[in-house]
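The values are calculated or read from the model by the stated rules, or taken from the named source; none is laboratory data. Remember, predicted model here, so these are calculated numbers, not experimental data. Virtual Cβ from ideal backbone geometry, glycine too; neighbours counted across all protein chains shown.
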Amino acid sequence: MAMGQLWTIPANHRKGNIMAKEKWFNWGRKKGTEPEDIEVNQTALNNEDEEFISAEPEQITTEKAETGFFGKLKDGLKKTRESIANRIDQVLVSFGKIDEELFEELEEILITADMGMETSLKIIAELREKVKIEKIADPKGVRQAIKDIIAAKLTDDDTSLKLTTKPSVIVIIGVNGVGKTTSIGKIANYLKSQGKKVTVAAADTFRAAAIDQLEIWTKRAGADLVKHSEGSDPSAVVFDAVNHCKSKGADVLICDTAGRLHTKKNLMEELKKIFRIIRRELPEADIETLLVLDATTGQNAVSQAKTFSEVSELSGLILTKLDGTAKGGIIVSIKSELSIPVKFIGVGEQMEDLQPFNPSEFANALFGTE
């Protein structure tokens, strides 16, 4: 099998092209689009990228977060908090006693916050039982009870990544437009901050401009990229990336994949082939299969998770764009209905704004407490 084209960093570069490219990149974000959704003139992009991608890693920096991630999480969940916690508070203030009407009001709040019918019914059933057992008489005590129930639903799984082998592999899957490319760049940056050597395989060879966008994000993260030309066999890219990891001593290989749910059969066969290559070449490697979901799509994200779980055995989820939606309750719905742990959440566009999921911090930020 022919070796892939490895991305290298030439010694010569011009800062002007870097600044121009960053300006284009930031313009797309100000327009409210993820880089994965930006339509570009392919000819112009190719002409510019040759010199943009040649920049040395140290010359591209990311902004440091002005506040800790909990502060960003709290700010990012503002819309969801208004949809759930603030509405719960308003209802509890208006009720002088705990009765069936109160439970029905709370149930409606959870359903409309995209926790889903099934999950909302379970939470209220558990709330009724908790109120009875703990003899909660004051409606204000219900708030803490709901928070405890939601937190408990999120904390019974290990949300950490299992990356004990060298190399370990992370396979990223998800439909186009959910923030797959940006998530790969941010995870690469997170792993690099831990001192790990990261290689990315550009195995989404189907979507136009996918490879170019991935180059930008891996460059920003300071990770290596293994790529072939558009339309190439994705498994061949992964094969070459595995060999690159072996020769360069990489700690983690992150594999991008195509997201074509409308051709589920082809997608299934493609993913199976990729996993065969990984298991054949790295039989002892830890493999994390992470599904990227856009929180703004609400219950549609649950449907996507169900479909992809039929295609591949998922080890975790990445939930993006929580800062742009009031539907953050979808985390609880997905976890309750599918028992798939959330491993990363995104609450912004900066590199540091995708972080490992901490259930207790999420519950605290959701209810506005430290």
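Scanning region 233-250 for residues that are in contact with a Ser or Thr (Cβ under 8 Å, 6 or more places away or on another chain) and over 11 Å from Val200 (Cα atoms) gives Asp233, Pro234, Lys248.
Listed by first and then second residue, the pairs linking a residue in region 286-309 that is closer than 11 Å to Val342 by Cβ to a residue that is at pLDDT below 85 and surrounded by fewer than 17 Cβ atoms within 10 Å (Cβ to Cβ), with Cβ atoms under 6 Å apart and 6 or more places separating them unless they lie on different chains, are Ala305/Leu338.
Taking Val175, is it without any contact (Cβ under 8 Å) to a residue 24 or more places away in the chain and surrounded by 14 or more Cβ atoms within 10 Å (Cβ to Cβ)? Can you show your working first?
On the way: without any contact (Cβ under 8 Å) to a residue 24 or more places away in the chain: no; surrounded by 14 or more Cβ atoms within 10 Å (Cβ to Cβ): yes.
Answer is no for this residue.
Would you point out which residue out of Phe239, Phe344 is surrounded by 22 or more Cβ atoms within 10 Å (Cβ to Cβ), at negative phi and of a type outside the set (A, V, I, L, M)? After applying the criteria, what remains is Phe239.
What's the total number of residues in region 213-222 that are closer than 17 Å to Thr257 by Cβ and more than 18 Å from the chain's Cα centre (by Cα)?
Kept after step one, since they are closer than 17 Å to Thr257 by Cβ, are these residues of region 213-222: 213-215, 217-218.
Restricting the remaining residues to those that are more than 18 Å from the chain's Cα centre (by Cα) gives 215.
Within region 213-222, residues that are closer than 17 Å to Thr257 by Cβ and more than 18 Å from the chain's Cα centre (by Cα) number 1.
Taking region 135-163 as the search range and keeping residues that are in contact (Cβ under 8 Å) with a residue 12 or more places away in the chain, small (Gly, Ala, Ser) and more than 28 Å from Ser309 (Cα to Cα), which one is surrounded by the most Cβ atoms within 10 Å (Cβ to Cβ)? In this case the residue turns out to be Ala145. Scanning region 74-112 for residues being under 12 Å from Leu366 (Cα atoms) and either of a type in the set (Gly, Ala, Ser) or crowded, with 19+ Cβ neighbours inside 10 Å (or both) gives a total of 9.
If the condition is being charged (D, E, K, R) and crowded, with 18+ Cβ neighbours inside 10 Å, then region 113-129 contributes Asp114, Lys122.
Limited to region 304-334, what total is found for residues that are basic (Lys, Arg) and not in a helix (DSSP H, G or I)?
Start the filter on region 304-334 by keeping residues that are basic (Lys, Arg), which leaves 306, 321, 327.
With the extra rule that they be not in a helix (DSSP H, G or I), the set shrinks to 321, 327.
Number of matching residues: 2.
Answer yes or no: is there a residue in region 259-276 that is under 23 Å from the mean Cα position of the chain (by Cα), surrounded by fewer than 22 Cβ atoms within 10 Å (Cβ to Cβ) and of a type in the set (Gly, Ala, Ser). For region 259-276, residues under 23 Å from the mean Cα position of the chain (by Cα), surrounded by fewer than 22 Cβ atoms within 10 Å (Cβ to Cβ) and of a type in the set (Gly, Ala, Ser): absent. Considering only region 236-250, I want to know if a residue exists there that is out of contact with any strand residue (DSSP E or B) (no Cβ under 9 Å at 6 or more places or on another chain) and free of Cβ contacts under 8 Å to residues at least 60 places away in the same chain. Yes, there is a match, as at least one residue in region 236-250 is out of contact with any strand residue (DSSP E or B) (no Cβ under 9 Å at 6 or more places or on another chain) and free of Cβ contacts under 8 Å to residues at least 60 places away in the same chain.
Ile318 - would you say it is touching a helix residue (DSSP H, G or I) at 6+ places or on another chain (Cβ under 8 Å), modelled with pLDDT of 90 or more and buried (at least 20 other Cβ atoms within 10 Å of the Cβ)? Judged against the criteria, Ile318 is a match. In region 184-228, the qualifying residues are those that are buried (at least 20 other Cβ atoms within 10 Å of the Cβ) and hydroxyl-bearing (Ser, Thr, Tyr), and the one that is farthest from Phe344 (Cα to Cα) is Thr205.
Every residue, every condition in (1) in contact with a Ser or Thr (Cβ under 7 Å, 6 or more places away or on another chain); (2) assigned to a helix (DSSP H, G or I), yes or no:
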{"site": "Glu270", "(1), (2)": "no, yes"}
{"site": "Arg279", "(1), (2)": "no, yes"}
{"site": "Ala285", "(1), (2)": "yes, no"}
{"site": "Val302", "(1), (2)": "yes, yes"}
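Residues checked against (1) among the aliphatic types (A, V, I, L, M); (2) in contact with a Phe, Trp or Tyr (Cβ under 8 Å, 6 or more places away or on another chain):
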residue	(1), (2)
Leu106	yes, no
Ala125	yes, no
Gln144	no, no
Lys166	no, no
Val178	yes, no
Thr181	no, yes
Ile184	yes, yes
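No other residue among Lys132, Lys166 is in a loop (DSSP other than H, G, I, E, B) and either surrounded by fewer than 21 Cβ atoms within 10 Å (Cβ to Cβ) or among the polar types (S, T, N, Q) (or both) apart from Lys166.
Of all the criteria given as (1) assigned to a loop (DSSP other than H, G, I, E, B); (2) in contact with a helix residue (DSSP H, G or I) (Cβ under 7 Å, 6 or more places away or on another chain), the one not satisfied by Thr119 is (1).
Residues of region 222-258 that are of a type in the set (D, E, K, R) and in contact with a Leu (Cβ under 7 Å, 6 or more places away or on another chain): Asp256 alone. Considering region 118-145, the residues that are within 26 Å of the chain's Cα centre (by Cα) and β-branched (Val, Ile, Thr) include one that is farthest from Phe367 (Cα to Cα), namely Thr119. Out of Val198, Val171, Val226, one residue alone is of a type in the set (A, V, I, L, M, F, W, C) and either over 14 Å from Val252 (Cβ atoms) or touching a Lys or Arg at 6+ places or on another chain (Cβ under 9 Å) (or both). It is Val198. Among the conditions (1) in a helix (DSSP H, G or I); (2) farther than 20 Å from Asp89 by Cβ; (3) not charged (D, E, K, R), the only one that Ile149 does not satisfy is (2).
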